[in-house]
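The structure appears right after this line, and notes come after that.
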Amino acid sequence: MAEIQLKQVAKRFGEAWAVKPMDLTIHHGEFVALLGPSGCGKTTTLRMISGLEAVTGGRIYIDGKDVTWLSASQRDIAFVFQFFALYPQMTVRQNIVFPLESQGMKRAEIKRRLAEVVKMLRIEHLLGRRPGALSGGDKQRVALARSLVRRPACFLMDEPLGALDAEFREAMRAEIKRLHLAQNATTVYVTHDQVEAMAMGDRIVVMSAAVVQQVGTPAQVYHNPANLFVANFIGSPGMNLVPGKYADGVVHLHGGSTYSVPETWKPTLATTLHGDDVIVGFRPEAARVSNQGAVRATLYGADLHGSYTMLHVNLNGELRGLGAVSSEAGEDEIVHLRARREVVHTMGAQIQFDLAPELVRFFDPTTEAALVREVRA
Amino acid sequence: MSHITLQSITKRFGAVTALNGVSFDVQDAELFVLLGPTGAGKTTTLRAIAGLTKPDAGSVLFDDESVDAFSPADRDVAFVFQQYSLYPTMSVYDNLAFPLRSPMRRLPEAEIKKRVTDTAETLRIAHLLQRKTAKLSGGEMQRVSIGRAIVRRPRAYLMDEPLSNLDAKLREALRVELAHLQRSQGSTTLFVTHDQIEALTMADRIGVLNHGQIVQIGTPEDIYDRPATTFVAQLVGSPKINLLDARCDGDTLCLTGSDLRLHRSTVSGNGENLPEQFILGVRPEDVWPHPEGIFAGDVVLTEPLGVESLVHIQVGEQTIVSTMPGISDLKRGEQTRFNIVRERLHFFGAVSGERFQA
């Protein structure tokens, strides 16, 4: 186990910031996911922690010791990559024990550790094979075994499931998390897949454009995203973000519907907005479709997701562009509502819905930040 | 548009049988999704319909008329690929107009302009018409590719994983848009994918293909609620269905290696035809943690996904995954009680993997 501390750690390539100065403490035994789209700086951050990339500024500490200028091999960490990096000419057994033999470890101890790790990963039957004869999932198990067998103080994983088929990914995700729970080694896990980050992370560091957008538990980033980027990036689909104008306790939504702001939010909206523009945010499951619903919409499409139906609605055709969060033309014009499977809807039907007051969030379009409710003592 | 019929299509490449007696039909205005893993034969099927691959046996019919002797051009179907295959130096307008200017068609420029403008409006790329395609984002490029298929007004669309190269958010958005477009235009579309969520959400009907053979054809509800085999059951649904080894002991159904027992009379369908050994299928959303649930197990893992959490429960030697609403605070090692929705159990042969019909 190890505690990793980043103090104002930054990386610049020429004029371009790969990572702007960031602070982060990863606790003993914690599983932290670095999440963001490609190019956001998450892998660079991981490589700086590992020692594979030099920092441009800031300091890195492992268990209080300044390792900023130590080499990768001096940091007692194990790296697991997306690509399996196994030696093709060696058997699975040789691949796994290789790092121990090169450390000069005693044979009895190597044997003991090998037995333990192959049992945990259920790869006993593969020991005599060569990597070329293994499936993707098994290769990644072997790669994991080779890292685990060293018993490093911490693991750094760079999209280890990225190269696997979807069908293996779900199972391997659970397996890695169970290994973590069993071993409790501090783990930093890089992914662009928000489902993986949510499922695995004790905490998630959401990054975009070289900047940390939010650090929080899965519940925090899901229910209380710090800004529009996080709101949209977390969730599948992301949070619905509907622009409108606030006046006297109601938001006049684009499209003509009026939404009454819950009492508990009124003071916040009245005092913290920079104008009358506001964005109402809500997740698909916050919508309650009913004939009395205050928000009116037209059904654009409805589809089965297995256990539920997702309704895609248009707030009367007026909902257009959200500026910063709308990187592709049109992608945010549709609002998604989660509904029971039993209800059948036809395209073009009029839909009315309300929002569960405790699940509604508000954002200031000028700052893109979430409004924060003041908690009265 | 047309309706397409495949009659016992077989295709061999050397010793490998890529398609083995594939039959199905795509009805007029239907969105039919061919779903299967890599190597199942999906793309070969598309190519056989388009006339790009000649089958060793079987027939392809458009509107009940054989097109086996027709060249690809005469079949008049439009392909949309995973790769965009646009002309990078041409504007979006010229890319869209290109198929209409081909020697086969040579429409007057006024008609071309009308069709290109209409198509661009439909796909919401009207503001991009003068841009060079190299300057577009991935989503915009795929819209142009789709536009180039639509502008021709073909007899049918063949789409080969058109969304696979896009990032997750964009894929979601385009999926909804494509389904909307297909429904509003009433176009006959055969859509190939390995992604179960695309199949479930977009299809009127799904054909599941594995090792060159059709395993099941049905509506998304059929496929999800009544999978014909364990293969289909595992292919659709995320999180995956629980497939548990079970056996009959008199009137009791027992989960192998655990204390979990169900009385035969309490389960859906009838347990009557069940052999001694079988596989019990339970979808994660049909496992409901409940403080007074009649079953118990130990939590080994909780995965909070946001709208719901996956709770892995160890029951004897087997692990059952349950979907719970919200972000669960169950911790590893805690005991939890749960119920199983008995009306929605699935039974499969232990060896054959085939569903026992109720």
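Here are the numbers for the structure shown:
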read-out	value
Residue count for the stretch A:263-305, restricted to those that are of a type outside the set (D, E, K, R), in a loop (DSSP other than H, G, I, E, B) and surrounded by 15 or more Cβ atoms within 10 Å (Cβ to Cβ)	4
Long-range neighbours under 8 Å by Cβ, at least six apart or interchain, first residue part of a loop (DSSP other than H, G, I, E, B) within the stretch A:216-230, second at pLDDT below 95	none
Set B:Cys248, B:Cys254: member being open to solvent by 10 Å² or more (accessible area, probe 1.4 Å), touching a Cys at 6+ places or on another chain (Cβ under 9 Å) and away from every other protein chain (no Cβ under 13 Å)	B:Cys248
Residues located in the stretch B:186-201, provided they are closer than 19 Å to B:Pro239 by Cα and either in contact with a Lys or Arg (Cβ under 9 Å, 6 or more places away or on another chain) or open to solvent by 10 Å² or more (accessible area, probe 1.4 Å) (or both)	B:Thr193, B:His194, B:Asp195, B:Gln196, B:Ile197, B:Glu198, B:Thr201
Any chance A:Val250 is open to solvent by 30 Å² or more (accessible area, probe 1.4 Å), farther than 30 Å from A:Ile26 by Cβ, in contact (Cβ under 8 Å) with a residue 24 or more places away in the chain and aliphatic (A, V, I, L, M)	no
Only one of A:Thr187, A:Thr191, A:Thr258 that is touching a residue at least 24 places away in the same chain (Cβ under 8 Å), open to solvent by 50 Å² or more (accessible area, probe 1.4 Å) and hydroxyl-bearing (Ser, Thr, Tyr)	A:Thr258
Matching option when the condition is part of a loop (DSSP other than H, G, I, E, B) and of a type in the set (Ser, Thr, Tyr), among B:Ser309, B:Ser322, B:Ser328	B:Ser328
Only listed residue being part of a loop (DSSP other than H, G, I, E, B) and either hydroxyl-bearing (Ser, Thr, Tyr) or open to solvent by less than 80 Å² (accessible area, probe 1.4 Å) (or both), chosen from A:Gly128, A:Gly132	A:Gly128
Boolean, A:Met207 is on the phi < 0 side of the Ramachandran plot, modelled with pLDDT of 90 or more and either in a loop (DSSP other than H, G, I, E, B) or more than 13 Å from every other protein chain (Cβ to nearest Cβ) (or both)	yes
Candidates B:Val287, B:Val311, filtered to the one that is within 14 Å of another protein chain (Cβ to nearest Cβ), in contact with a strand residue (DSSP E or B) (Cβ under 8 Å, 6 or more places away or on another chain) and either among the acidic types (Asp, Glu) or under 20 Å from A:Ile176 (Cα atoms) (or both)	B:Val311
Single residue of B:Ile223, B:Ile214 found to be over 17 Å from B:Glu177 (Cα atoms) and either within 9 Å of another protein chain (Cβ to nearest Cβ) or open to solvent by 40 Å² or more (accessible area, probe 1.4 Å) (or both)	B:Ile214
Those residues of the stretch A:55-81 which are closer than 23 Å to A:Trp17 by Cβ and open to solvent by 80 Å² or more (accessible area, probe 1.4 Å), in sequence order	A:Arg59, A:Trp69
Residue check for B:Val287: open to solvent by 10 Å² or more (accessible area, probe 1.4 Å) and in contact (Cβ under 8 Å) with a residue 12 or more places away in the chain	no
Those residues of the stretch A:170-180 which are crowded, with 16+ Cβ neighbours inside 10 Å and either closer than 14 Å to A:Gly201 by Cβ or at the interface with another protein chain (Cβ under 10 Å from one of its Cβ atoms) (or both), in sequence order	A:Glu170, A:Arg173, A:Ala174, A:Glu175, A:Ile176, A:Lys177, A:Arg178, A:His180
Members of the stretch B:149-170 found to be at the interface with chain A (Cβ under 8 Å from one of its Cβ atoms) and hydrophobic (A, V, I, L, M, F, W, C), listed by number	B:Ala168, B:Leu170
The stretch B:1-42, subset among the acidic types (Asp, Glu) and out of contact with any strand residue (DSSP E or B) (no Cβ under 6 Å at 6 or more places or on another chain), residue farthest from B:Asp64 (Cα to Cα)	B:Glu30
Strands (runs of 3 or more DSSP E) (entirely within the stretch A:6-63) containing at least 3 residues that are within 14 Å of chain B (Cβ to nearest Cβ)	A:31-35
Top-ranked residue in the stretch B:171-185 [being surrounded by fewer than 22 Cβ atoms within 10 Å (Cβ to Cβ) and either more than 18 Å from the chain's Cα centre (by Cα) or within 30 Å of B:Arg106 (Cβ to Cβ) (or both); ranked as nearest to the other protein chains (Cβ to nearest Cβ)]	B:Ser184
Qualifying residue in the stretch B:145-159 (condition: out of contact with any helix residue (DSSP H, G or I) (no Cβ under 9 Å at 6 or more places or on another chain) and open to solvent by 50 Å² or more (accessible area, probe 1.4 Å))	no
Answer from A:Leu100, A:Leu86 - the residue that is assigned to a helix (DSSP H, G or I), aliphatic (A, V, I, L, M) and touching a helix residue (DSSP H, G or I) at 6+ places or on another chain (Cβ under 7 Å)	A:Leu100
Check on B:Glu221, over 11 Å from the mean Cα position of the chain (by Cα), closer than 23 Å to A:Leu311 by Cα and modelled with pLDDT of 95 or more	yes
Members of the stretch B:102-117 found to be at pLDDT 90 or above and surrounded by 13 or more Cβ atoms within 10 Å (Cβ to Cβ), listed by number	B:Ile112, B:Lys113, B:Arg115, B:Val116, B:Thr117
Residues of the stretch B:314-339 that turn out to be among the aliphatic types (A, V, I, L, M) and facing chain A (nearest Cβ under 10 Å), as a count	2
Strands (runs of 3 or more DSSP E) lying entirely in the stretch B:1-58 (those with 3 or more residues that are surrounded by fewer than 18 Cβ atoms within 10 Å (Cβ to Cβ))	B:4-13, B:16-26
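Results for (1) assigned by TED's automatic domain parsing to the domain that holds A:Glu30; (2) part of a helix (DSSP H, G or I); (3) at pLDDT below 90, shown as yes or no for each residue.
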| site | (1), (2), (3) |
| --- | --- |
| A:Gln140 | yes, yes, yes |
| A:Ala145 | yes, yes, yes |
| A:Met157 | yes, no, no |
| A:Leu161 | yes, no, yes |
| A:Leu164 | yes, no, yes |
| A:Phe168 | yes, yes, yes |
| A:Lys177 | yes, yes, no |
| A:Ala182 | yes, yes, yes |
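The values are calculated or read from the model by the stated rules, or taken from the named source; none is laboratory data. Since the structure is predicted, the reported quantities are computational estimates derived from the model, not experimental observations. Cβ coordinates were reconstructed from backbone atoms using ideal geometry, including for glycine residues, and neighbour counts include every protein chain displayed. Note: areas computed on protein heavy atoms with side chains; ligands, DNA, RNA excluded. Shrake-Rupley method; radii C 1.70, N 1.55, O 1.52, S 1.80 Å.
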